[in-house]
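Single-structure report; data block below.
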Amino acid sequence: MSIFKRGNVYWYHFLFNGEHIQKSTKQGNPRTARQIEAAHRTALARGEVGLVEKQPAQTLAKFIEDRFTPWARATFETASPKTWTGWYRTQLANICAYAPLVNRKLGTITSEHAADFAATLQARGMQPSSVNSALRVLRRVLRLAAEWGATESAPKIKLLRGEHHRDHVVTREEEAKYLAAAGPLLGDIVAVLSDTGMRPEESARLRWESVSWHNGQHGTLQVTHGKTAAARRMLPLSVRVRAVLERRWNDASQPLEGWVWSSETKSGHIEPSTLKKQHRNALRLSGIRPFVLYSLRHTFLTRLGESGCDAWTLARIAGHSSIAMSARYVHPSESAVLNVFSRLSMSEIAC
């Protein structure tokens, strides 16, 4: 007989016809626990009780339809529409279009099936970045399935190599050349992104009601929308950002409310995708290394980290819920690493 104590009560476990039986006795006395285990064994042998039947495993398609999609829609459709429409909804459609994967039961999906899915997307002409987006959503689906008890574990999913990353850090020299080549609107937006670290979609949704000219040293702005509660935060204005916003505010006759970056779009404000053509032209004219606008977030947070900002403050400014997430955005340069060691050497000499 095999009993073990968990907390203040004893449990027992044994094999019966190849099936693992485990149950709490709800008793704190080991002798009583052994008696309960023996009674259960006897009852099973006589056929007086049956084994607990397992619930039939769901297919991936059924889990996505019944549980994951409602969760993703409720979580992101209002708080972060772009995350829902441009990320989850698009990639879930790609996943559900691949029958060999979505028709499998959750517990039978392996890393090999995910690799086959990725190979199929590549064969259709999708770039590694797009394929990895689908794999990330698949990984999220399977991890939540395991977390919610729909399957015992989630397979390890490997991403493809060759993805165009957004973690490029723009140098001060590159930034100056870019701004000289950019038009007035793009230049203003890039200046704000470079000095606040906001996500492009956060900047696009900035409203005049969220800008204060009197808080802090140069004023503040409030980010009111984001993926998580941590994304809603207050940011101080740099001298450059205040100059940009104040000039636009005066040009717009000092409105009390409305979009900062108003545009003739369905949403009423400029969208990050609207700037793609202007951004490509600025890159071409400036002749600098290509980057995406989101790289300016990595650039700002890297500069912030190199300035000596502690990890917790940096995470708050970035709107991250953990410092582990912020660590992915800070990319110290070689010169910054050398400067740290130089300061360390000088302090040792002083001692």
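Just so it is clear, none of the values below were taken in a lab; they were calculated from the coordinates. Everything numeric here is computed off the predicted structure, so don't read it as measured data.
Observations, loosely collected:
- Annotation: amide H-H contacts under 5 Å for HIS269 (H modelled 1.01 Å from N, sequence separation of 5 or more, or interchain): SER263.
- Checking the Cα-Cα distances for LYS62/LYS266; LYS23/LYS105; LYS105/LYS158 against a 31 Å cut-off, the pairs over it are LYS62/LYS266.
- For q = 0.14, 0.18 Å⁻¹, Debye-computed log10 I/I(0) when each Cα of the range 3-46 counts as one equal scatterer: -0.29, -0.47
- Average 1/r across all pairs of distinct alpha carbons in the chain, invert it, and you get the Kirkwood radius: 24.9 Å.
- For a straight C-alpha distance cut-off of 17 angstrom, the aspartates and glutamates reachable from LYS156 (same-chain residues fewer than eight places away being disregarded) are GLU112, ASP116, GLU147.
- Beta bridges assigned by DSSP with both partners in the range 3-46 are antiparallel in approximately 100 percent of cases.
- When the P(r) of the range 172-292 is calculated, the portion above 24 Å amounts to 27% of the C-alpha pairs.
- Estimated from helices alone, the mean residue ellipticity of the chain at 222 nm is -14000 deg cm²/dmol (sum of -39500 (n - 2.57) over DSSP H runs with n ≥ 4, per residue).
- Note on LYS5: aspartates and glutamates with a C-alpha under 18 Å away, same-chain residues under 8 apart excluded, are GLU37.
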